[in-house]
1. Please specify each residue of the stretch 300-328 satisfying the condition of being away from the ligand (no atom under 15 Å from the Cβ) and of a type in the set (Asp, Glu).
2. Would you check which residues across the stretch 81-98 are more than 10 Å from the ligand (Cβ to nearest atom) and part of a loop (DSSP other than H, G, I, E, B) and list them?
3. Of the conditions (1) within 30 Å of Glu133 (Cα to Cα); (2) within 16 Å of the ligand (Cβ to nearest atom); (3) modelled with pLDDT under 90, Val177 clears all except one; give me its number.
4. Is there a residue in the stretch 167-178 that is within 26 Å of Lys223 (Cα to Cα), hydroxyl-bearing (Ser, Thr, Tyr) and in contact with a strand residue (DSSP E or B) (Cβ under 9 Å, 6 or more places away or on another chain)?
5. Could you list, in sequence order, the residues of the stretch 238-287 that are of a type in the set (S, T, N, Q) and either within 27 Å of the chain's Cα centre (by Cα) or surrounded by 15 or more Cβ atoms within 10 Å (Cβ to Cβ) (or both)?
6. Just the residues that are among the hydrophobic types (A, V, I, L, M, F, W, C) and near the ligand (Cβ under 10 Å from one of its atoms), please, taken from the stretch 285-299.
7. Condition first: assigned to a strand (DSSP E or B) and within 29 Å of Phe458 (Cβ to Cβ). Can you find one or more residues in the stretch 168-178 that meet it?
8. Among the listed residues Leu630, Leu604, Leu585, identify the single one that is among the aliphatic types (A, V, I, L, M), modelled with pLDDT under 85 and surrounded by 14 or more Cβ atoms within 10 Å (Cβ to Cβ).
Amino acid sequence: MMQKFGDKKSIETRVKKLRSEIQRLREAYHIQNDPSVTDDVYDSLTKELKILLEKYPELKDINAPEERVAGKALEKFEKFTHKKRMLSLNDVFGEEELYEWEKRIKKLLPANEKVEYFCEVKFDGLAVSLIYENGIFKRGATRGDGFVGEDITENLKMIHSIPLTLKGKNIPKYLEVRGEALISKKTLENLNKKNKKEGKTLFANTRNVAAGSLRQLDANLVKERKLDFFAYDIALVSEEKVFSKHSEKHHFLAEVGFLVDKNEAFCKTSEEVMSFVKKFEKKRNAFFYGTDGIVISVDSIRLQEVLGVVGKAPRYMCAYKYPAEKATTIVEDIKVNVGRTGVLTPLAFFKPTLVAGSTVSKATLHNMDQIEKLDIKIGDTVVIEKAGDVIPKVVQVLKDMRSGKEKKFLMPIKCPVCNSGVEKREMSSENASVAYYCTNQKCSAKNQRYMEHFVSVFGIYELGPKILHRFRDEGLISGPADIFLLKKEDIETLERFGEKSAVNIVREIEEKKKISLARFIWSLGILHVGEETARDLALHFKTIDKLIQAEKEELERIENVGGEVAKSIFNFFEDKTNIEFVKKLEKNGVVVLKEKNTLEKGKLSGMTFVLTGTLAKMTRPIAKEKILALGGKVAGSVSKATSYVVSGEEAGSKLDKAEKLGVKILTEEEFLKMID
Ligand code: IVH
């Protein structure tokens, strides 16, 4: 009997030890991104635990990590397509920019509209979307790219301030709540104290903890970390519930059981907004949670709809960002980084210092012009500035601190990575007058950076920078196109890559082979073509072949594509190797999905409108935007090809011409009905 009891005790201890070690490895892998954790160690420990628990089921614990995720630790979250895009906000820095924002929106609204602004705190956490059906929490997701996020429902259930059931009567059938998940400053402090004691890495800020905890698969960790959720918006609601103001949404959210911050203000002018901004700034340091500004909205939903969205952000909202925090430090060295286009960028390395809640040890100096303008030397004491999540920058050199031993930085004449020649090119952009490029097409740094960009656009998360590097060193791949030919057998034979990781990598590549045209264009790494421009190009050209064949003039005519960008796209496809690259990707299995053309399917597609006179409910630019969004066209003058003339007050000669040509004329009322 005694013997048996002793055995049991040691088994219990073993189970406990296994659990905590597995937990530690999980955290290291997912949160601290520590690559030294190998799958093999993790796998064999999990296997041992599983065998023990099968033999001694009484030691099972439903709250233990292995129960929650059932050995799925390295599998990723499911995709979650947002019914309504998760937008971001345009920032305004300082009083002037706020007044300009107000001026811009006033210009777009009819002169007689009275605008009221609603101000609230901007939390520094992770944006999350929650879905409630008949008052029950069903699913929740991260923002992702705004269109598709990750389903993190199980983790979100661990946050106490997310109600699982909504309070009160008259709960809408469907409700989609947006808000911010985060931890308090105090919790971060305690967490870091504990981590320090245990010799673990410290978290730089509250946002990192929120993101790190929600984007890993152990729901218990979310509970342990004491995350909170503040609700600030309702993205969608079933028809029986109508909101006419943004502030009504806030108050409704509080009523049904969400945590909604009470620091709010209704303002009639941007001067009043400024006084709230200043009032909260005084409280900000003592505030329980990390905040980086104030969100200002046009309160009326009707006016919000009139103002609409441009690019990724609504026009009716903005984020007033509190001034950056500054700190001084010493430039210990300036090194050169080689980017994916081959451009050499100087990077300053500092004596690590704390700015705006996180440790800063390096910052880009952008280009030689910037170095010369600020007159930065190695050894200088500099002022660095950082606002919220904005990348730190050097804003000033304290020249009085110089000892005379400071060293001037010179751009290398050889590429620091491949030792090939460096070429100086004149730039026509306003950022710099010259830039330095590595002349070697095959420079490994260029390729490495480009591959990192490529896999991140394709969403192949299994292939992190270190793995890409390793695969290249091992000769498995020489460029991005080779990724699609990787086989499990190629990978599993490499040291530190068991069968499991090989399977995961190959599976993810297979899953991500299909890509939208917009992302495909973005993945090509064309200079000046980011996510938004790629989307505009995809909407315009609809196939990659049409884009390849486009003339410079056609490119220039596309909205948001200026001369510089058009030139860069044109030059890119002038280079035969780039066309070959596109073909090779397709040959190796990449499938470019047909662009879903929302514009073509719009209810005004095929119609051309001419606007004349003064409209009462909206300004002409807004009316134009609505027509375009529904697939219609807007012309400046009336012809036989015009489908409708929309006539406002005091319409002039265009109306006469329409009558003469027999073109149908719409009053503003009729037009509004048509676009409703
Ligand atoms: S309103 C239109 N209200 O800030 C999308 N956003 O910088 C904005 N954020 O993506 C929604 N506090 O994650 C709103 N009180 C607040 C907020 C807030 C923090 C975040 C949100 C958004 C980001 C934009």
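1. Glu325
2. Looking only at the stretch 81-98, we keep the residues that are more than 10 Å from the ligand (Cβ to nearest atom), and these are 81-84, 92-98.
Selection gives His82, Lys83, Lys84.
3. Unmet for Val177, out of (1) within 30 Å of Glu133 (Cα to Cα); (2) within 16 Å of the ligand (Cβ to nearest atom); (3) modelled with pLDDT under 90: (3).
4. No, because not a single residue in the stretch 167-178 is within 26 Å of Lys223 (Cα to Cα), hydroxyl-bearing (Ser, Thr, Tyr) and in contact with a strand residue (DSSP E or B) (Cβ under 9 Å, 6 or more places away or on another chain).
5. Taking the stretch 238-287 first, the residues of a type in the set (S, T, N, Q) are 238, 244, 247, 263, 269-270, 275, 285.
Answer for the stretch 238-287, where residues must be of a type in the set (S, T, N, Q) and either within 27 Å of the chain's Cα centre (by Cα) or surrounded by 15 or more Cβ atoms within 10 Å (Cβ to Cβ) (or both): Ser247, Asn263, Ser270, Asn285.
6. Here is the first cut: in the stretch 285-299, the residues among the hydrophobic types (A, V, I, L, M, F, W, C) are 286-288, 294-296, 298.
Listed by number, the residues that qualify are Ile294, Val295, Ile296.
7. Of the stretch 168-178, the ones assigned to a strand (DSSP E or B) are 174-178.
Add one more test, that the residue is within 29 Å of Phe458 (Cβ to Cβ), and what stays is 176, 178.
Among the residues of the stretch 168-178, at least one is assigned to a strand (DSSP E or B) and within 29 Å of Phe458 (Cβ to Cβ), which makes the answer yes.
8. Values: Leu604 fails: modelled with pLDDT under 85; Leu585 fails: modelled with pLDDT under 85.
Of Leu630, Leu604, Leu585, the one residue that is among the aliphatic types (A, V, I, L, M), modelled with pLDDT under 85 and surrounded by 14 or more Cβ atoms within 10 Å (Cβ to Cβ) is Leu630.
The values are calculated or read from the model by the stated rules, or taken from the named source; none is laboratory data. Predicted, not measured: the structure shown is a model, and the values here were computed from it. Cβ coordinates were reconstructed from backbone atoms using ideal geometry, including for glycine residues, and neighbour counts include every protein chain displayed.
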